[in-house]
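Enquirer: Here you go, one structure.
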Amino acid sequence: MDYLKWSDEYTSQAQKILKVIEKKKQKLKFASLDERHTLNSDIIKLRDIYYECVLTAKHLSERAGELKNAA
């Protein structure tokens, strides 16, 4: 199993999520009150997913280092 490759995939997904978050933040500027509530809710959920991706990528990267050092 290639932990570094897997880590890179999670990092890539995290970057894609950040782009979606930024788009939603831009929409907030012109959104109605109801739309703002929905957009803010979406942003909060996406931030949670983003942080999970980042933490998972870090963990996988560290795991790859441990395996490399053990070899």
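Enquirer: Given the criterion modelled with pLDDT under 95 and touching a Ser or Thr at 6+ places or on another chain (Cβ under 9 Å), identify the matching residue among ALA31, ALA64.
Expert: Residue meeting the stated conditions: ALA64.
Enquirer: Here is a further query. For segment 32-68, enumerate the residues that are more than 15 Å from THR11 (Cβ to Cβ), among the charged types (D, E, K, R) and surrounded by 13 or more Cβ atoms within 10 Å (Cβ to Cβ).
Expert: Answer for segment 32-68, where residues must be more than 15 Å from THR11 (Cβ to Cβ), among the charged types (D, E, K, R) and surrounded by 13 or more Cβ atoms within 10 Å (Cβ to Cβ): ARG36, ASP42, ARG47.
Enquirer: Filter segment 17-31 for residues that are of a type outside the set (Lys, Arg) and either surrounded by 15 or more Cβ atoms within 10 Å (Cβ to Cβ) or under 29 Å from LYS5 (Cα atoms) (or both) and give the result.
Expert: ILE17, LEU18, VAL20, ILE21, GLU22, ALA31
Enquirer: Mind listing whichever residues of segment 5-16 are closer than 11 Å to SER61 by Cβ and either loosely packed, with under 14 Cβ neighbours inside 10 Å or of a type in the set (Gly, Ala, Ser) (or both)?
Expert: LYS5, SER7
The values are calculated or read from the model by the stated rules, or taken from the named source; none is laboratory data. Predicted model only: the values in this text are computed from it and were never measured. With ideal geometry, Cβ positions are generated from the backbone for all residues, glycine too; neighbour counts draw on all protein chains shown.
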